[in-house]
1. What is the calculated FRET efficiency for LEU70 to ALA101, with r their C-beta to C-beta distance and R₀ = 25 Å, to the nearest 0.05?
2. Binning every alpha carbon pair distance of the chain at 5 Å from zero, what are the percents per bin?
3. Can you list the trypsin sites (Lys or Arg not before Pro) in the stretch 39-100 that are in a DSSP coil and have 13 or fewer other beta carbons within 10 angstrom?
4. Helix 22-32: angle to the longest alpha-carbon principal axis of the chain, degrees 0 to 90, nearest 10?
5. If you fit an axis through the alpha-carbon atoms of helix 57-70 and take the longest principal axis of the Cα set of the chain, what angle between them do you get, 0 to 90°, nearest 10?
6. With a Förster radius of 22 Å, plug the Cβ-Cβ distance of LEU2 and THR22 into 1/(1 + (r/R0)^6) and report the FRET value to the nearest 0.05.
7. Pop a pseudo-label 7 angstrom from the Cα along the beta-carbon direction at both VAL31 and ARG129 and give the gap in nm to one decimal.
8. Starting from the Cα of ASP62, step 7 Å along the direction of its Cβ; do the same at THR40; then give the gap between the two resulting points in nm.
Amino acid sequence: MLANIDAIELATTAPIQIIDITDQVRERLRVSGLRNGLVTLISRHTTARVNLNEREERLQQDMVTFLKRLVPRDGNYGHNIAPVDDRDNAHAHLLGLFANASESIPVGDGELLLGEWQSVFFVELDGPRPKRQVTVQLLGEG
């Protein structure tokens, strides 16, 4: 049984940003030597998420526009009256209710078993942030 834990570190530059991390996940898988098993990814943040979706520039912009409309930043939110980290980010926490903090992806023959159009995304909901992290756990047979 092979078990490995790693991390992907990144910085974000926009209030809401969708970043393709598929290549970084594939590289960690390659280095690990895992042939068959599972890769689990988890965002280490309450205002950022991990998501599987299609990589297409206009669609990604549509996603950002949708999130901004779904929960506007300037809403009347109690959390913003006395935020614990000096950020008026209630909207980001509320957006987090609609997405996963983690994803698990099967691995077969050393490859991520993603669909033809699927990519792995880190979704920033409260940026920009200089340091964000996704934990990558690989488990299975080498």
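1. FRET efficiency, LEU70 to ALA101: 0.90.
2. Result returned by the calculation: 2, 10, 19, 20, 18, 12, 9, 6, 3, 1, 0.
3. ARG44, ARG87
4. Roughly 40 degrees between the two axes.
5. So the inclination is approximately 40 degrees.
6. E(calc), rounded to 0.05, equals 0.55.
7. 2.1
8. My value for the distance between the label points is 3.3 nm.
Where a number appears in this text, it was derived from the coordinates with a stated rule and is not lab data. Since the structure is predicted, the reported quantities are computational estimates derived from the model, not experimental observations. Neighbour counts are summed over all protein chains in view; Cβ atoms, including those assigned to glycine, are modelled from backbone coordinates with ideal geometry.
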